[in-house]
Amino acid sequence: MKNLKQFVLYLLLFCVGLIVGWFLPSLTHTSLLRSPFVNEEVVKRYPYTEYTFENLRNRKYLPNRIVIEKPLSQTSTFQSYLFSYAPLGRKMTGQLNVPQEVSANTPVIIMNRGYVPQEIFVTGVGTSNAAAALANAGFITLAPDFFGYGESDPEPTDTWIARFEKPIAVIELLETVRQVGVPITQNGQLHKTAQVGFWGHSNGGQITMSVLEILEEPIPTTLWAPVLAPFPYSVLFYSDEIDDEGRDMRFYVNNLERDYDLKQFSVTQHLDGLSGPILLHHGTADDAALIAWSDEFMDRVEKENDQRAEIITNLAEQEKSIDSTQAETASPSATFTKNLAPIDITYYRYPSTDHNMRPNWDTVVMRDIEFFKSQLL
């Protein structure tokens, strides 16, 4: 009897071992068998977080080198070249205009164009006329093509990265001008200057405004009919012009909004980094970038300036409460008000004027030239 019980026990253990041996390989590859010492939760990635305004403010921007690729054209007052540089480690081309006479004080204007279909784009489209006027007036101009245009490397296939990278490319061009310099001859003579201004048109105005809010620096800037609508409405507004009438874009936006707070990517939400001086030009007959966007943006500027004034008033009242023994130390206003000066922006509205500032183009250009001369020379 005892031997029979032992036999049954051994047989049972053998069967259990056989069953475990059969199913163990599959169990170890499923969530049914987990180690108590390993966290196997799937970590969701948020790749666009690095492009929020706050993170872009903390990003390190690297200068590189501007190279003259070839001459484009020449007038009696300036020479045009195709240039390239390497923002984000990739090649980007653009147009460089160099006046015939360049001094140590000659400023540089970085020019950001609006949207142009890739199939009709050539270097200079969207900036060449204004760039010629500025070069004739004695300014060096740099107008990047952006990735996917001209002889630049392709733009990222990810729609949002392609959009969010553009301010980075502009800031790295700015840092290259400041720290390395701009070649003004084909033999490589460099012109390095801190006297740099921005010009932006349409979507290039939105890119430029983003750069200003990211850098939080007082860089003289002129904006022509900028796209200053909140994000993502600034994208959705144009999506009905696509063959699918915006279906794909709405899908992309919905997916983005599911995972991100889209205010973190919007120029209308980061006026705290804005200082000026800025000239803003917009025509009432503009049907490509609505003048209402600039009107509403100026309302936001007014509210921001009111908030800054209120903070300064509160700091001044706190300062009064400091007794005489503490008065010799740095006061609150001395510490904080350096970033609380009102935003310096002048807004020109042009009746019956279209997206390209016609018929007031000459007036707008002359105002820009006078502005840059007063700020940079």
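The values are calculated or read from the model by the stated rules, or taken from the named source; none is laboratory data. Bear in mind the structure is a predicted one, so any value in this text is a computation, not a measurement. Heads up, the Cβs are rebuilt from the backbone with ideal geometry, glycines too, and the neighbour counts pull from every protein chain shown.
The residue list D286, D243 contains one member that is closer than 22 Å to P117 by Cβ, in contact with an Asp or Glu (Cβ under 8 Å, 6 or more places away or on another chain) and in a loop (DSSP other than H, G, I, E, B), which is D286.
In the stretch 138-157, what residues are closer than 16 Å to L96 by Cβ, outside any strand (DSSP E or B) and among the small types (G, A, S)? Explain how you work it out, then say what you get.
Residues of the stretch 138-157 that are closer than 16 Å to L96 by Cβ, as a first pass: 138-146, 149-152.
Add one more test, that the residue is outside any strand (DSSP E or B), and what stays is 138-139, 145-146, 149-152.
Selection gives G138, G150, S152.
Look at the stretch 337-353: where a residue is within 13 Å of L223 (Cβ to Cβ) and in a strand (DSSP E or B) and a partner is modelled with pLDDT under 95 and not hydrophobic (A, V, I, L, M, F, W, C), sitting 6+ places away or on another chain with Cβ atoms under 8 Å, you get I345/G276.
Can you find, within the stretch 225-240, the residue that is nearest to K166 (Cα to Cα) among those that are part of a helix (DSSP H, G or I) and of a type in the set (S, T, Y)?
As a first pass, look at the stretch 225-240 and keep what is part of a helix (DSSP H, G or I): 233-236, 239-240.
Okay, now just the ones that are also of a type in the set (S, T, Y), so 233-234, 239.
Working: Y233: 18, S234: 15, S239: 20 Å.
The extreme case among them is S234.
Residues considered: I109, I68. Of these, the only one that is of a type in the set (V, I, T), touching a helix residue (DSSP H, G or I) at 6+ places or on another chain (Cβ under 6 Å) and outside any loop (DSSP other than H, G, I, E, B) is I109. Checked against (1) without any contact (Cβ under 8 Å) to a residue 40 or more places away in the chain; (2) out of contact with any helix residue (DSSP H, G or I) (no Cβ under 8 Å at 6 or more places or on another chain), I184 meets all criteria but (1). Within the stretch 169-214, the set of residues being of a type in the set (A, V, I, L, M) and surrounded by fewer than 19 Cβ atoms within 10 Å (Cβ to Cβ) comprises V180, L190, A194. Inclusion of E302 among residues that are at pLDDT 95 or above and under 24 Å from P230 (Cβ atoms) is warranted. Tell me, which residue of the stretch 52-72 that is free of Cβ contacts under 8 Å to residues at least 60 places away in the same chain and closer than 22 Å to K91 by Cβ is surrounded by the most Cβ atoms within 10 Å (Cβ to Cβ)? Of everything passing the filter in the stretch 52-72, L72 is surrounded by the most Cβ atoms within 10 Å (Cβ to Cβ). Taken over the stretch 273-291, the criterion of being surrounded by fewer than 15 Cβ atoms within 10 Å (Cβ to Cβ) and under 19 Å from T222 (Cα atoms) is satisfied by T284 alone. Every residue in the stretch 120-157 that is among the acidic types (D, E) and either at pLDDT below 95 or in contact with a Ser or Thr (Cβ under 8 Å, 6 or more places away or on another chain) (or both), please. Once the filter is applied, which keeps residues that are among the acidic types (D, E) and either at pLDDT below 95 or in contact with a Ser or Thr (Cβ under 8 Å, 6 or more places away or on another chain) (or both), the stretch 120-157 yields D145, E151. Among the residues of the stretch 194-224, those that are in contact with a helix residue (DSSP H, G or I) (Cβ under 7 Å, 6 or more places away or on another chain) and part of a loop (DSSP other than H, G, I, E, B) comprise A194, Q195, E216, I219, P220.
Determine which member of the set S239, S152 is in contact with a strand residue (DSSP E or B) (Cβ under 7 Å, 6 or more places away or on another chain) and of a type in the set (G, A, S). Step through it out loud before you land on a result.
Details: S239 fails: in contact with a strand residue (DSSP E or B) (Cβ under 7 Å, 6 or more places away or on another chain).
On inspection, the qualifying residue turns out to be S152.
Regarding P230, is this residue surrounded by fewer than 20 Cβ atoms within 10 Å (Cβ to Cβ) and without any contact (Cβ under 8 Å) to a residue 60 or more places away in the chain? It is true that P230 is surrounded by fewer than 20 Cβ atoms within 10 Å (Cβ to Cβ) and without any contact (Cβ under 8 Å) to a residue 60 or more places away in the chain.
Rundown of residues vs (1) among the β-branched types (V, I, T); (2) part of a loop (DSSP other than H, G, I, E, B); (3) at pLDDT 75 or above, yes/no style:
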| position | (1), (2), (3) |
| --- | --- |
| K5 | no, no, no |
| G17 | no, no, no |
| Y46 | no, yes, yes |
| S73 | no, no, yes |
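Does the stretch 356-373 include one or more residues that are modelled with pLDDT under 95, outside any helix (DSSP H, G or I) and charged (D, E, K, R)?
At the first step, the residues of the stretch 356-373 found to be modelled with pLDDT under 95 are none.
There is no residue in the stretch 356-373 that is modelled with pLDDT under 95, outside any helix (DSSP H, G or I) and charged (D, E, K, R).
N255: in a loop (DSSP other than H, G, I, E, B), free of Cβ contacts under 8 Å to residues at least 12 places away in the same chain and either surrounded by 19 or more Cβ atoms within 10 Å (Cβ to Cβ) or polar (S, T, N, Q) (or both), yes or no?
Working: in a loop (DSSP other than H, G, I, E, B): no; free of Cβ contacts under 8 Å to residues at least 12 places away in the same chain: yes; either surrounded by 19 or more Cβ atoms within 10 Å (Cβ to Cβ) or polar (S, T, N, Q) (or both): yes.
No.
Of the residues D145, D243, D158, the single one that is over 18 Å from the mean Cα position of the chain (by Cα) and not aromatic (F, W, Y) is D243.
Residues of the stretch 96-137 being touching a Leu at 6+ places or on another chain (Cβ under 8 Å) and without any contact (Cβ under 8 Å) to a residue 60 or more places away in the chain, which ones?
N97, T123, G124
Being buried (at least 20 other Cβ atoms within 10 Å of the Cβ), touching a helix residue (DSSP H, G or I) at 6+ places or on another chain (Cβ under 7 Å) and more than 14 Å from M92 (Cα to Cα): is that true of F139 here? Yes: the conditions hold for F139.
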